[in-house]
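Asks: This structure is in structure tokens; I'll ask about it shortly.
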Amino acid sequence: MSSDEYNQAGQQLKVLSLKRRLFVGILFVLAMHLYGCAGTPDAPRYPDDICEIFRENRGWYKSAYASYKRWRIPIPVMMAIMHQESKYEAKAKPPRTTCLYIFPGPRPSSAFGYSQALESTWETYKRSTGNRGADRDNFGDSIDFIGWYCNVSHKQCGIARSDSYHMYLAYHEGQGGFNRKTYAKKAWLHRVAGKVQSRATTYQKQLARCEREFQRRRGCCLWPF
């Protein structure tokens, strides 16, 4: 092989190598995009019906049940709080403030994801539970967070686990704020807590009619796994 042919072959190998790396890079980007789509499903089409929510996302029932078994907070209570906080939007954020009534300003807090957990509270949750890889835009992690937080409210504030009204007040104000009764003069917050309570009651009635379809038989018992 002459020197020119050798150089030409080398150039062809470099081009092939570049194309190969480019192709692998494109595949990686597509795979990550598909993974992101699969990991953050669209909000349910029928958010007012817990049966339809779990029919559309059957893995959500498994996650909600696991959180219930761990923290003993009823599924309808956790789901009603999540609905109020994010309407089941994986990437939900508080609306931005405005500057001079025109320009978008900063967001009022670091709340994010299904549970609208603050960054600091989320870090506390991860340390407390050992769930170090938890993400706020993951439904399973978020429903577990809500169960954990409500269980803390149960212990620190004496709120019954099924009391969705006061659980939401503590969720919004924090356990310290709840114990100081910072919610007392916030009429708007009481209205919101009433909405959460009403939704939890509706969800409870709905789930009582359809929960068996999300559980599969194993021996003589019913389990959701």
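Asks: Identify, from the list Glu52, Glu85, Glu56, Glu89, the residue that is at pLDDT 95 or above, buried (at least 19 other Cβ atoms within 10 Å of the Cβ) and either within 17 Å of Asn138 (Cβ to Cβ) or of a type outside the set (Val, Ile, Thr) (or both).
Replies: The match here is Glu85.
Asks: Shifting gears a bit: Show me the helices (runs of 4 or more DSSP H) found entirely inside the range 114-225 where at least 3 residues are more than 24 Å from Asp48 (Cα to Cα).
Replies: Fully inside the range 114-225 and qualifying: 119-129, 139-157, 164-180.
The values are calculated or read from the model by the stated rules, or taken from the named source; none is laboratory data. Predicted model only: the values in this text are computed from it and were never measured. So basically every Cβ, Gly included, is an ideal-geometry build from the backbone, and we count neighbours across all protein chains shown.
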